[in-house]
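Q: This structure is in structure tokens; I'll ask about it shortly.
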Amino acid sequence: MATGGGYRNGSHKAPNLRNSSSFKSKLPPSNVRRSSPATLGGGAPSGRVRVAVRLRPQNAEELEADADFADCIELQPELKRLKLRKNNWDSDTYEFDEVFTEFASQKRVYEVVAKPVVESVLDGYNGTVMAYGQTGTGKTYTLGRLGDEDTSARGIMVRSMEDLLAKISPETDSISLSYLQIYMETIQDLLNPVNDNISIVEDQKTGDVSLPGATVMEIRDQQSFIELLRVGEDHRFAANTKLNTESSRSHALLMVHVKRSISDGDNDFSPENRSLLIANLRPPMLRKGKLIVVDLAGSERIHKSGSEGHMLEEAKSINLSLSALGKCINALAENSSHVPVRDSKLTRLLKDSFGGTSRTSLIVTIGPSPRHRGETASTILFGQRAMKVENMLKIKEEFDYKSLSKRLEMEIDKLIAENERQQKVYENETERIRLEAQKRVAEAERNYVEVLEEEKMKCQMHYMESIKMLEERWAVNQQKQNINGERSFLIQKEWDKGKGKAQGEENCLCICALVSEMKSVYLQHLFCAPEIQSRSFLNSFFDINTAASTEEVAELKSFLQNESRLRKTAEEEIQNLKSQLLKFSEVELMGDTGVSSFQQVLEEESRQKKKLEEEVRLLRSQLAQLSIEANQPRGSLNRGNSANPLLGLNSLSPLNHLRTRDGSDGERASITNLHEQVGLQKILSLLESDDASVRIHAVKVVANLAAEEANQEKIVEAGGLTSLLMLLRSYEDETVRRIAAGAIANLAMNEANQELIMAQAGISLLAITATDAEDSQTLRMVAGAIANLCGNDKLQTRLRSEGGIKALLGMVRCRHPDVLSQVARGIANFAKCESRASTQGTRAGRSLLIEDGALPWIVQNANNEVSLIRRHVELALCHLAQHEVNAKDMISGGALWELVRISRDCSREDIRALARRTLTSSSIFQSEMRRLRIEV
Ligand SMILES: Nc1ncnc2c1ncn2[C@@H]1O[C@H](COP(=O)(O)OP(=O)(O)OP(=O)(O)O)[C@@H](O)[C@H]1O
């Protein structure tokens, strides 16, 4: 059928041949990614149907039958032209997209006709390769040759699949196919002939057609594809016709579906990339291309094929669908508004191939025989018309949610497995660390017990040696004292009959009694008091005592030397007097003139005596002071219960002990004597003396007096507290400040005095002293004083605001256990008052101790090796924990662990029970313990 588009005799050029030099049309590059579904297929390029013509070589029969005829076909492949001779002098010239001579190889035909279509299909377009031509002209040869014997003879189907399989990625992409034939207007499944009436389903929205009843086979390799083609071929109806012994009487359609997942390379789920990938997660693109290879039945005219009966019906049916196809192509070529697609099954199935979105290549096959010139001309015209059909290529691309979800599921499974593995590793590691820790704790405990035993032994040895040494020295001193006592007795007897007991003897007795008392106290404490078992306590005890004893003995020695010197002088004097008396008697006998000179001598003697008495009083005061100082180390023995840093436990105080034993406290008597003789007022005035030694002696005396509860009121009434505070303020001498602080600490045991101290800015003075002092004993006194003040409920806020707690905490810089135990006592006192006030509802809010930063020190020392410190701190922790408002700070500060330890391990049942009660009654502690899986 010649149309306006074709041309003859070289005068008539086919339209739209600008691209005819190549089968390749301009398609968007395959790697262009659409940013959103809205743009899919947007800007679709036009794609004219490409048409090539292929001439079959003459077969044996033609060689013979046509020998006498001239060739009717002349090919000009370089010009892509074909000349069809009309007669000896005239021919029609047709131009195609490609012209293949009878020598054209299968490879070249594939590469020119089909390969561009196959590549488009890989890029997500639909593609059609169709062969049209008269029976026996080589359609099946061109499309369906398997090339079993000669691989170079492989047809378009085999080569297409080879290319497809080579280009896809087996992990992400897939190829599946259906193989069908249309025979007598029914669609049959060539892969499963039982399906012999497959219906066409059309998508109302898109207009896409599909064949849900057809068998779809997935292709993984070339071999399986060849097998399927063979199966299909076997089922294809073939009938002998006059024209072709193996003529295909049906239209065969191979439908290949290619699904490709387009990844932009960001699908690396490695741990480093994972979070980034998840943040920018988007599904991969899925391109769905469909390749249809159509091997049409022969297009010959019925009369020529010699069909009769059924054959005739067959031929009619074939011609019906072919003519329907021709009509559609005509309509499309002429841009007709109506395209009769629905006229046949073939045209319905090829709806997308002509005038649709597919990239279509048509190869028209012709034979060389002039006997079939008419058929050949008709075939050529069909090709010419098809060249005018324009398709609008459209990429079939969509988001591949299914594959994304599959991949994410796989990733999740991988992560779950990984997590499980890590959890197991973590559990094993935790268990290993726990066992290791248990082992170490057991080892440390063993070591500790061993070391403790060793230290205990050492201390006991040390103690025994010290006692022995003290006994020896005491024996020596006693001997000396006895001698001196006898001498003194003689002197007194001789010198002043009936004047009372010799003071020296009294002093010696005092000293002996003191030493003996010290011994008994040491022994008593060592074997009775539990805290004496502490290693550091024993160390400090012996350090202090050894130093104190040495000092004391040295002082006693010098005192005794002095005493004996004085007595020697007195003896000499008496001797002198005696001799003078003798002389005087002699002189008296001689006359009254000697009387007056004797009186003068007596007056002189009386002056001397007075002077001696003064000196004895001074010595007595020094002796009293020495006694006090000798008592100080013993005070440390009583730290366990003492609120008084100077005296320790009152019941164990040597002074008290002596008093209760014989009721004649020699030392107290001496101080009382002094106090009575000189007067408290006088002593207090000496605190302001310009003479430093007088000041020291005076403060020592006041401190000693303040240690006695009975004197405290008198001292305060006489202004002693003010004077002592003044000493803290004015004197830089650390000894003075130490003793003054000690005295203040003693006075601070009384509630009324505590208020007075606060009223006179005593806390600030104590705080300054705490900052300046370096000596541990000074710090102990100051800490003791503040600790006493901490126990007063009324003074809490003021004490804190005037820097009391800070001063207390500042003193922990000195690591001396005596100081630390006073600090701990102060903190415990303070915490107890706070707890009481909170319970009574008189205070609310966080502990001032926590506010002032005491918690870290408390937690650090909750398990201090010195039992006294530990006890105070444990109590402080229990008091703090009684109020929910402190709970969070305590948990974050690590106090919960200590409370748990106390509730389990504290040796004192009452503290243990208190800690347990506190922990179980606090909901905050309870929930934290549940979280940490701690059970009390
Ligand atoms: N280019 C060619 N070179 C060599 N032999 C060919 C060529 N084309 C076709 N033949 C041979 O011609 C014969 C007929 O070819 P083929 O069966 O492919 O024709 P057909 O067009 O498919 O016929 P039908 O429409 O009846 O199926 C076959 O024997 C085939 O081998």
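Q: When only Cα pairs under 8 Å and 6 or more residues apart are kept, what is the percent relative contact order across the stretch 47-399?
A: It comes to 29 percent, rounded to a whole number.
Q: Grab the Cα-Cα distance for residue 478 and residue 192, subtract it from 0.36 nm times how many residues apart they are, and report the gain in nm with one decimal.
A: Working: separation 286, 0.36 × 286 = 102.96 nm, distance 13.22 nm.
The span from residue 478 to residue 192 would gain 89.7 nm if fully extended.
Q: Give 456/806; 583/609; 80/115; 139/388; 609/714; 205/406 a once-over and call out the pairs whose C-alpha atoms are over 25 Å from each other. Each step should come with its number before you reach the end.
A: Values: 456/806 36 Å; 583/609 22 Å; 80/115 19 Å; 139/388 22 Å; 609/714 33 Å; 205/406 28 Å.
Table pairs above 25 Å Cα-Cα are 456/806; 609/714; 205/406.
Q: Compactness ratio of the stretch 151-243: Cα Rg over 2.2 N^0.38 Å, N = residue count?
A: Details: Rg = 15.4 Å, N = 93, 2.2 N^0.38 = 12.3 Å.
Here the Cα radius of gyration is 1.25 times the empirical estimate.
Q: Using a cut-off of 10 Å between beta-carbons, work out the net charge of the residues near residue 361 (Lys and Arg +1, Asp and Glu -1, residue 361 not included). Intermediate results must be reported in sequence, preceding the final value.
A: Values: positive: 50, 115, 359; negative: 97, 98.
My count for the surroundings of residue 361 gives +1.
Q: Here is a further query. Report the label-to-label distance for residue 760 and residue 603 in nanometres (one decimal), using points 7 Å from each Cα along the Cα→Cβ vector.
A: Inter-label distance under the simple model: 4.7 nm.
Q: Something else about it: Taking neighbour counts of Cβ atoms within 10 Å as a proxy for exposure, in what order, fewest first, do 821, 321 appear? Provide the component values of the computation, followed by the final result.
A: Details: 821 30, 321 25.
Neighbour counts put them in this order, fewest first: 321, 821.
Q: Take every Cα pair under 8 Å in the stretch 696-807 that's 6+ residues apart, average their separations, divide by the length, and report that relative contact order as a whole percent. Walk me through the numbers before you get to the answer.
A: Details: 130 pairs, mean separation 29.4, N = 112.
Result for the stretch 696-807 is 26 percent.
Q: Right, another one. Quick one: order 885, 109, 900 by neighbouring beta-carbon count within 10 Å, fewest to most.
A: Values: 885 14, 109 23, 900 19.
So the ranking, lowest neighbour count to highest, is 885, 900, 109.
Q: Over the stretch 126-178, what is the relative contact order in percent, taking alpha-carbon pairs closer than 8 angstrom and at least six residues apart? Walk me through the numbers before you get to the answer.
A: Working: 32 pairs, mean separation 10.2, N = 53.
Answer for the stretch 126-178 is 19 percent.
Q: Provide the FRET efficiency to the nearest 0.05 for the residue 371-residue 206 pair, computing r from the beta carbons and using R0 = 45 Å. Write out the running numbers ahead of the final one.
A: On the way: r = 47 Å, r/R0 = 1.04.
Once the sixth-power term is evaluated, E becomes 0.45.
Q: Which far-off residues, 5 or more places away or on another chain, put their amide H under 5 Å from the one on residue 75, with H placed in the peptide plane?
A: Here 83 satisfy the definition.
Q: Let me ask something additional. For the stretch 360-492, what mean projected area does the convex hull of the alpha carbons give, in nm²?
A: Numbers: hull surface 105.3 nm².
So the mean shadow area of the Cα hull is 26.3 nm².
Q: Taking a ≥ b ≥ c as the square roots of the eigenvalues of the Cα gyration tensor of the stretch 754-794, is the shape rounded (a/c under 1.5), prolate (a/b larger than b/c) or oblate?
A: On the way: a/c = 3.16, a/b = 1.66, b/c = 1.90.
Note, shape of the stretch 754-794 comes out oblate.
Q: Taking the mean number of other Cβ atoms within 10 Å as a proxy for protection, how do you rank 142-150, 870-878 from highest to lowest?
A: The densest-packed peptide leads the list: 870-878, 142-150.
Q: Moving on. If each residue's Cβ is checked for other Cβ atoms within 10 Å, how do 121, 699 rank with the fewest at the top?
A: Values: 121 31, 699 28.
Result, fewest neighbours first: 699, 121.
Q: Once phi is turned into ³J(HN,Hα) by the Karplus curve 6.51 cos²θ - 1.76 cosθ + 1.60 with θ = phi - 60°, what whole-Hz value does each residue of the stretch 71-87 show in order, with x for glycine and proline?
A: Using θ = phi - 60°, the values come out as 4, 9, 10, 10, 9, 10, x, 5, 9, 6, 10, 10, 10, 10, 6, 8, 7 Hz.
Q: Okay, moving on. Taking the highest mean first, how do the peptides 856-867, 82-93, 126-137, 422-433 order by number of other beta carbon atoms within 10 angstrom per residue? Mind showing how you got there, number by number?
A: Working: 856-867: 18.8, 82-93: 15.1, 126-137: 26.6, 422-433: 10.0.
The packing order, highest mean first, is 126-137, 856-867, 82-93, 422-433.
Q: For residue 146 and residue 421, what does the FRET efficiency come to when R0 = 60 Å and r is the distance between their Cβ atoms, rounded to the nearest 0.05?
A: So the FRET efficiency works out to roughly 0.70.
Q: Give the separation of the Cα centroids, the stretch 194-221 to the stretch 148-180, in Å.
A: 20 Å
Q: While we're on this one: Could you work out how much longer the chain between residue 917 and residue 572 gets when fully extended? Use 0.36 nm per residue separation minus the Cα distance between them, nm to one decimal.
A: Details: separation 345, 0.36 × 345 = 124.20 nm, distance 7.76 nm.
Using 0.36 nm per residue and subtracting the Cα-Cα distance, I get 116.4 nm.
Q: Just how far, in whole angstrom, is the stretch 777-825 from the stretch 60-94 if you go by their alpha carbon centroids?
A: Each part reduced to its Cα centre gives a spacing of 126 Å.
Q: Let me ask something additional. Rg and Dmax in Å for the stretch 47-399, alpha carbons only: what are they?
A: According to the Cα coordinates of the stretch 47-399, Rg and Dmax are 21.3, 81 Å.
Q: Quick one: if you stick a label point 7 Å off each Cα along the C-beta vector at residue 451 and residue 926, how many nm between them?
A: 4.0 nm
Q: Calculate the spin-label point distance for residue 167 paired with residue 690, positioning each point 7 Å from the Cα along the beta-carbon direction, and give it in nanometres.
A: The answer from the label model is 11.9 nm.
Q: Report the residues of the stretch 366-388 in range of a label on residue 87: point 7 Å along Cα→C-beta, backbone N strictly under 20 Å from it.
A: Taking a point 7 Å out along Cα→Cβ of residue 87, the residues of the stretch 366-388 whose backbone N falls under 20 Å are 370-378.
Q: For residue 844 and residue 888 in the same chain, what is the full-extension length gain: residue separation times 0.36 nm, less their Cα-Cα distance, in nm? If you can, show how the numbers build up before the last one.
A: Details: separation 44, 0.36 × 44 = 15.84 nm, distance 1.53 nm.
Gain on stretching residue 844 to residue 888: 14.3 nm.
Q: Okay, next question. Would you grab the residues whose amide H sits under 5 Å from the one on residue 54? Only those 5+ places off in sequence or on another chain, please, with H modelled 1.01 Å from N.
A: When sequence neighbours closer than 5 places are left aside, the close amide H contacts are 100, 364, 365, 366.
Q: If the only charges are +1 at each Lys and Arg Cβ and -1 at each Asp and Glu Cβ, what is the size of the charge dipole of the stretch 688-808 around the Cα centre, to the nearest 20 debye?
A: Details: 11 positive and 17 negative charges, 69 e Å.
The calculated dipole for the stretch 688-808 is roughly 340 debye.
Q: Further question on the same structure: For the stretch 886-925 and the stretch 831-881, what is the separation of their Cα centres, given in Å?
A: So the two Cα centres are separated by 11 Å.
Q: Follow-up. All other residues with a Cβ under 13 Å from the Cβ of residue 425 taken together, and with Lys, Arg as +1 and Asp, Glu as -1, what is their net charge?
A: Working: positive: 421, 424, 432; negative: 418, 420, 427, 429, 431.
Within the 13 Å Cβ shell, the charges total -2.
Every number in this text was worked out from the coordinates using simple rules, so none of it is lab data. Not measured: the values here are computed from a predicted model. Please note: Cβ atoms are built from the backbone with ideal geometry, for glycine as well, and neighbour counts cover all protein chains shown.
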